[in-house]
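Structure first, commentary second.
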Amino acid sequence: MSTPQLLMIEDDARLAQMVGEYLTQSGFGFSHAADGASGLELLQQRSPDLVILDLMLPDTDGLEVCRRIRALPNGLAKVSVLMLTAKGDPMDRIIGLEIGADDYLPKPFEPRELLARIRAVLRRRSETTSAAAAATVMRFGTLEIDRNARTVTVGGAPADLTSYQFDLLVAMAERAGRVLTRDQIMEAVRGRELEAFDRSIDVHMGRIRAAIEVDAKNPKRILTVRGVGYVFAKQQD
């Protein structure tokens, strides 16, 4: 596992040194910038996992720096931000959270509390990222459908589907357990260029079954509902 990297944008050099030593001993990589401009430059050079951002900086305020961070390209805008504030006005904290800070910590603070908040923010971000990644993959027993990679595997072996058949399968899987008419299935993938066989959904279903069923003549995943259409089974082996 790689070492989480932290960037502190703070004009108090003594505080930054103390925090840096503590966080380095706690297993983090640490870098420091003394103002907003150099902090934004260092962020783009090093792509840290979290920015510790002071509200009061010599060249600009932390709120503006946070706004600029959230406007950065190439995924940098998603970096976690923990804002430090010495002001008693809760409005600064509210605005900070509204413009994209993940958490805030009033000064003065205990290093242990800062560490706990950093870990909590990074843990939440990791859980959110993992959940988003998991949401792209649908699993039904040994059948896996990866929507991002546009691949289908059965028991780890790739299933050979055309791009259109993949879209049909995804449309069915996203509505698992629901009986769909042929028109409803076609409507779910509307907007794609039609292929030669689009007027015969049954032909596509036969080919999908051949690719994903153990026995295409005795299907367990895509079931025919006589007189209605098809249903993608929720429970599968």
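The values are calculated or read from the model by the stated rules, or taken from the named source; none is laboratory data. Just so it is clear, the structure is predicted and the values come from calculations on it, not from any experiment. Note that we place each Cβ from the backbone using ideal geometry, even for glycine, and neighbour counts take in every protein chain shown.
What number of residues within segment 65-104 are modelled with pLDDT under 80 and in contact with a Pro (Cβ under 9 Å, 6 or more places away or on another chain)?
4
Out of the residues in segment 146-161 meeting the condition of being outside any loop (DSSP other than H, G, I, E, B) and in contact (Cβ under 8 Å) with a residue 40 or more places away in the chain, tell me which one is surrounded by the fewest Cβ atoms within 10 Å (Cβ to Cβ).
My answer is V154.
Go through segment 50-81 and give me each residue that's in a loop (DSSP other than H, G, I, E, B) and among the hydroxyl-bearing types (S, T, Y).
Across segment 50-81, the qualifying residue is only T60.
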